[in-house]
Amino acid sequence: MDPLSAPTLDEARSLVQAARKPLLFTGAGVSAESGVPTFRDRDGLWARFDPAQLATPDGFHRDPTQVWEWYRLRRRAVRRCVPNAAHRAVARFLFARPDACLVTQNVDGLHQRALQEEGEKGDGKWGDADPAARVFPLHGELMGDRCPGCGSREPASPERDSLPTLPSCPGCGELLRPDVVWFGEPLPETILDAAMEKAERADLCVVVGTSALVHPAAGIPLMTLRAGGKVIEVNTEVTVLTTQCHIHLRGPASLLVPPLLSCGDADAHLGG
Ligand code: BJW
Ligand code: ZN
């Protein structure tokens, strides 16, 4: 069935419009159509690469060169990608709805880029709305370097990434690492706490493009459910969350998210 003609899309839109505290929760699927690979799909990263070697503190300790090569490769690929219609719709929604927030597992920075781009297009229309403060990235940032020694952080630099040596901290000399959350590591505490509080208070959680298998992030929609809120899922497949959702919209994020989140006049003003 054409996902756009499904009656459930209208129903889902009504829930979004009626929600007073909507929370958007996204995963790798939202960036798939921008060309960023997901993790657990058939052609995902974990089908080709071993997470134990590349996305754990032990793996980094054993072979930092291998880990850095992989991250530099991914950074180069993501630098060539641009936000898609789903990222743009999410960004416009955050501008138009100061009551909304975004909790994302994605490290690719495409939500943040879409926010910046849509903000510029808004040309002052959005007033004081500051959606960047309502974005909670649970798993860090691919485009950031972090020093495990002194904790300092800085944006990744394409120049430093193309050096033949591994990057070290300008402050304390320690080997830098990508500023992402690996398996077995805690999520950034203040971001996770804020996201969980939002999830408990949300009356609607819109879950887009995640297998909902990685914890504690996957607990976000469950918290909304437990607190009596509703959950809408957008995914090309069925997930572990599907049977618990109020509405499951099957199809690609770039096709379904724009009509789901469209804010009428606000979108028209910005050229859809
Ligand atoms: C589309 C689409 C389209 C495709 N449109 N949809 C219980 C049991 C066993 C283990 C654990 C457990 N609880 C916790 C753990 C450990 C572990 C975990 O959850 N493991 C599970 C896999 C079992 N969790 C952790 O280790 C976490 N830390 C932790 O628990 O710390 C505890 C602690 C406390 C105090 C001290 C010390 C420790 C950390 C998890 C970190 C996850 N990191 C990664 C890598 C980030 C860096 C990087 O990118 O390199 O994060 S793993 C990877 O998975 C990445 C993602 O953010 C995350 C989630 O993946 P996501 O987004 O859901 O992607 P996919 O590929 O799984 O799904 C894509 C979906 O999109 C699919 O459903 C498609 O159908 C869909 N789709 N195209 C719409 N066009
Ligand atoms: Zn340092």
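The values are calculated or read from the model by the stated rules, or taken from the named source; none is laboratory data. As the structure is a prediction and not an experimental result, all values here were calculated from the model. All Cβ positions, even for glycine, are placed from backbone atoms using ideal geometry, and neighbour counts span all protein chains on display. Surface accessibility is based on the protein's heavy atoms, side chains included, excluding ligands, DNA and RNA. Shrake-Rupley method; radii C 1.70, N 1.55, O 1.52, S 1.80 Å.
In the set P258, P216, only one residue is within 9 Å of ligand 1 (Cβ to nearest atom) and open to solvent by 10 Å² or more (accessible area, probe 1.4 Å); that residue is P216.
When T239 is tested against (1) among the polar types (S, T, N, Q); (2) in a loop (DSSP other than H, G, I, E, B); (3) under 15 Å from the mean Cα position of the chain (by Cα), exactly one condition is not met: (3). Taken over segment 181-220, the criterion of being touching a residue at least 60 places away in the same chain (Cβ under 8 Å), assigned to a helix (DSSP H, G or I) and more than 14 Å from the chain's Cα centre (by Cα) is satisfied by K198, A199, R201. For first residues located in segment 60-83 and closer than 13 Å to L176 by Cα and in contact (Cβ under 8 Å) with a residue 12 or more places away in the chain, partners that are surrounded by 13 or more Cβ atoms within 10 Å (Cβ to Cβ) and basic (K, R) and lie 6+ apart or on another chain with Cβ distances below 7 Å form the pairs F60/R177.
A count restricted to segment 84-117 and to residues that are without any contact (Cβ under 8 Å) to a residue 60 or more places away in the chain and among the charged types (D, E, K, R) stands at 2.
Just the residues that are of a type in the set (D, E) and either in contact with a helix residue (DSSP H, G or I) (Cβ under 7 Å, 6 or more places away or on another chain) or within 26 Å of P216 (Cβ to Cβ) (or both), please, taken from segment 170-194.
Filtering segment 170-194 down to residues of a type in the set (D, E) leaves 174, 179, 185, 189, 193.
Within segment 170-194, D179, E185, E189, D193 meet the criteria.
Checked against (1) outside any loop (DSSP other than H, G, I, E, B); (2) out of contact with any Lys or Arg (no Cβ under 9 Å at 6 or more places or on another chain), F39 passes all but a single condition, namely (1).
Looking at segment 149-159, can you tell me whether even one residue there is in contact (Cβ under 8 Å) with a residue 24 or more places away in the chain and closer than 23 Å to L24 by Cα? Steps first, answer last, please.
Step one: list which residues in segment 149-159 are in contact (Cβ under 8 Å) with a residue 24 or more places away in the chain, which gives 149-150, 153, 156, 158.
Checking which are closer than 23 Å to L24 by Cα leaves us with none.
No, every residue in segment 149-159 fails to be in contact (Cβ under 8 Å) with a residue 24 or more places away in the chain and closer than 23 Å to L24 by Cα.
All of L225, L261 fail the test of being within 27 Å of V36 (Cα to Cα) and in contact (Cβ under 8 Å) with a residue 12 or more places away in the chain, apart from L261.
Checked against the criteria, T224 counts as open to solvent by less than 10 Å² (accessible area, probe 1.4 Å), away from ligand 2 (no atom under 16 Å from the Cβ), part of a helix (DSSP H, G or I) and modelled with pLDDT of 95 or more.
Which residues, taken from segment 173-198, are within 16 Å of ligand 2 (Cβ to nearest atom) and open to solvent by less than 70 Å² (accessible area, probe 1.4 Å)?
First, the residues of segment 173-198 that are within 16 Å of ligand 2 (Cβ to nearest atom): 173-179.
G173, L175, L176, R177, P178, D179 - these are the residues of segment 173-198 that are within 16 Å of ligand 2 (Cβ to nearest atom) and open to solvent by less than 70 Å² (accessible area, probe 1.4 Å).
Quick check: is even one residue across segment 4-12 surrounded by fewer than 16 Cβ atoms within 10 Å (Cβ to Cβ), charged (D, E, K, R), in contact (Cβ under 8 Å) with a residue 40 or more places away in the chain and part of a helix (DSSP H, G or I)? Looking for residues that are surrounded by fewer than 16 Cβ atoms within 10 Å (Cβ to Cβ), charged (D, E, K, R), in contact (Cβ under 8 Å) with a residue 40 or more places away in the chain and part of a helix (DSSP H, G or I), one finds at least one in segment 4-12, hence yes.
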